Amino acid sequence: MVILHQFPAMLGLPNASPYCLKVETFLRMAGIPYEVRHTPSFRGPRGKLPFIQLGEQSIPESETILDTLQPMAAADHLQVLSDEQRLQGHLLARMADYSLAWMLMYERWLVPVTWPRTREAFFTSVPWLIRPLVAALFQHKVKRDCWGHGVGRLIMPERRSRLQQDLQCVSDVLGDKPFLFGDRPSRYDASCFGVIANIARDPLGIPSKQVLQGYPNLVAWAERILRDYFKYPL
């Protein structure tokens, strides 16, 4: 049995972490039995979530987890991919993990309009006396990380342009198909869904949600996955 360690559900989604949602979505798409445990991130092998346990082995990092789970997929659950599709999917997954997900993080934690709502949503369990300090320290860490990544150095029009370019790539590959590469899902659907669903269902008012509305096929795809694999209402 796979044990998935991740954050609890929040923000109206199975998980507010694109990486946790990515892994759980793949488990469901692949028909792999699993159990969820809500675990503090500092207990992960690298101080982050998600990670999975297989017997005595703990496996961190979402892509490494998917590499491990791929051979365990139930027969006929996943799309059989050509070499060209695997190359395309690899690039989409990297874009989702290292571009789209970082833009989402920036907009949640560092945009002045959304920050008060983010603070309220993510720190309600922290004792009120120390809540402002904990929230400020975490925001400072996110700011430092985003600056090191590069997304924190961009001005708003540049971030919006890159977001549109990224979403256009996913939209073009998806087209009018049920999933990115055909009638059945692949690990790359899970990778892109993890972040796009977080944008589509965002309750905090992040700017990228409005941008996503310009790609109706992506919105419909994300909502269909939520409905079919998580039984979430539209």
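The values are calculated or read from the model by the stated rules, or taken from the named source; none is laboratory data. Keep in mind the model is a prediction, meaning the values are calculated, not measured. So basically every Cβ, Gly included, is an ideal-geometry build from the backbone, and we count neighbours across all protein chains shown. Areas reflect the complete protein model, heavy atoms only, side chains present, ligands, DNA and RNA absent. Shrake-Rupley method; radii C 1.70, N 1.55, O 1.52, S 1.80 Å.
Which one is least open to solvent (accessible area, probe 1.4 Å) among residues in the range 69-87 that are part of a helix (DSSP H, G or I) and in contact with a Lys or Arg (Cβ under 9 Å, 6 or more places away or on another chain)? Step through it out loud before you land on a result.
Of the residues in the range 69-87, the ones part of a helix (DSSP H, G or I) are 69-72, 83-87.
Applying the additional criterion that residues be in contact with a Lys or Arg (Cβ under 9 Å, 6 or more places away or on another chain) yields 69-70.
On the way: L69: 0, Q70: 73 Å².
Here the answer is L69.
Tally the residues that are of a type outside the set (S, T, Y), on the phi < 0 side of the Ramachandran plot and part of a loop (DSSP other than H, G, I, E, B), restricting the search to the range 27-54.
Our first condition is that a residue be of a type outside the set (S, T, Y); within the range 27-54, this holds for 27-33, 35-38, 40, 42-54.
Keeping just the survivors that are on the phi < 0 side of the Ramachandran plot gives 27-30, 32-33, 35-38, 40, 42-46, 48-54.
Now restrict to residues that are part of a loop (DSSP other than H, G, I, E, B): 32-33, 40, 44-46, 48-50.
Going through the range 27-54 one residue at a time, the tally reaches 9.
Any idea which residue in the range 121-136 is most open to solvent (accessible area, probe 1.4 Å), counting only those that are over 23 Å from the mean Cα position of the chain (by Cα) and among the hydrophobic types (A, V, I, L, M, F, W, C)? Steps first, answer last, please.
Filtering the range 121-136 for residues over 23 Å from the mean Cα position of the chain (by Cα) gives 126-134, 136.
Checking the rest, the ones that are also among the hydrophobic types (A, V, I, L, M, F, W, C) come to 126, 128-130, 133-134, 136.
Details: V126: 27, W128: 191, L129: 132, I130: 82, L133: 107, V134: 51, A136: 52 Å².
Residue satisfying both the conditions and the ranking: W128.
Quick check on my filter: what residues within the range 58-68 are in a helix (DSSP H, G or I) and crowded, with 16+ Cβ neighbours inside 10 Å?
Let us first name the residues in the range 58-68 that are in a helix (DSSP H, G or I), namely 62-68.
Those that are in a helix (DSSP H, G or I) and crowded, with 16+ Cβ neighbours inside 10 Å: S62, E63, I65, L66.
Contact list please: Cβ distance under 7 Å, first residue in the range 90-111 and without any contact (Cβ under 8 Å) to a residue 40 or more places away in the chain, second residue open to solvent by less than 10 Å² (accessible area, probe 1.4 Å), pairs at least six apart or on different chains.
Qualifying pairs under 7 Å: W109/T118; W109/V142.
Those residues that are within 18 Å of the chain's Cα centre (by Cα) and open to solvent by 70 Å² or more (accessible area, probe 1.4 Å), I need them from the range 20-36; list them, please. Working first, answer last.
Our first condition is that a residue be within 18 Å of the chain's Cα centre (by Cα); within the range 20-36, this holds for 20-30, 36.
Answer for the range 20-36, where residues must be within 18 Å of the chain's Cα centre (by Cα) and open to solvent by 70 Å² or more (accessible area, probe 1.4 Å): just R28.
Only one of these is in contact with a Lys or Arg (Cβ under 8 Å, 6 or more places away or on another chain) and either small (G, A, S) or closer than 22 Å to L218 by Cα (or both): G152, G175, G182, G148. Name it.
Numbers: G175 fails: in contact with a Lys or Arg (Cβ under 8 Å, 6 or more places away or on another chain); G182 fails: in contact with a Lys or Arg (Cβ under 8 Å, 6 or more places away or on another chain); G148 fails: in contact with a Lys or Arg (Cβ under 8 Å, 6 or more places away or on another chain).
After applying the criteria, what remains is G152.
Conditions: (1) out of contact with any Leu (no Cβ under 9 Å at 6 or more places or on another chain); (2) open to solvent by 90 Å² or more (accessible area, probe 1.4 Å). H90 meets all but one. Number of the miss?
So H90 meets the others, but not (2).
Looking at (1) in contact with a helix residue (DSSP H, G or I) (Cβ under 8 Å, 6 or more places away or on another chain); (2) within 23 Å of Y229 (Cβ to Cβ); (3) open to solvent by less than 50 Å² (accessible area, probe 1.4 Å), find the lone condition where D176 falls short.
Only one criterion is unmet by D176, namely (3).
Residue pairs, Cβ under 7 Å, 6 or more apart or interchain, first in the range 119-135 and within 17 Å of W109 (Cβ to Cβ) and outside any helix (DSSP H, G or I), second modelled with pLDDT of 95 or more and not charged (D, E, K, R). List them.
The qualifying pairs are F123/V134; F123/A135; V126/V134.
Would you be able to tell me the number of residues in the range 1-19 that are hydroxyl-bearing (S, T, Y) and open to solvent by 20 Å² or more (accessible area, probe 1.4 Å)? Spell out how you get there, then give the answer.
Let us first name the residues in the range 1-19 that are hydroxyl-bearing (S, T, Y), namely 17, 19.
With the extra rule that they be open to solvent by 20 Å² or more (accessible area, probe 1.4 Å), the set shrinks to 19.
Summing the residues that are hydroxyl-bearing (S, T, Y) and open to solvent by 20 Å² or more (accessible area, probe 1.4 Å) in the range 1-19 gives 1.
Going by the conditions given, is D228 surrounded by 19 or more Cβ atoms within 10 Å (Cβ to Cβ), modelled with pLDDT of 95 or more, acidic (D, E) and under 18 Å from the mean Cα position of the chain (by Cα)? Spell out how you get there, then give the answer.
Working: surrounded by 19 or more Cβ atoms within 10 Å (Cβ to Cβ): no; modelled with pLDDT of 95 or more: yes; acidic (D, E): yes; under 18 Å from the mean Cα position of the chain (by Cα): yes.
Spelling it out, it is not the case that D228 is surrounded by 19 or more Cβ atoms within 10 Å (Cβ to Cβ), modelled with pLDDT of 95 or more, acidic (D, E) and under 18 Å from the mean Cα position of the chain (by Cα).
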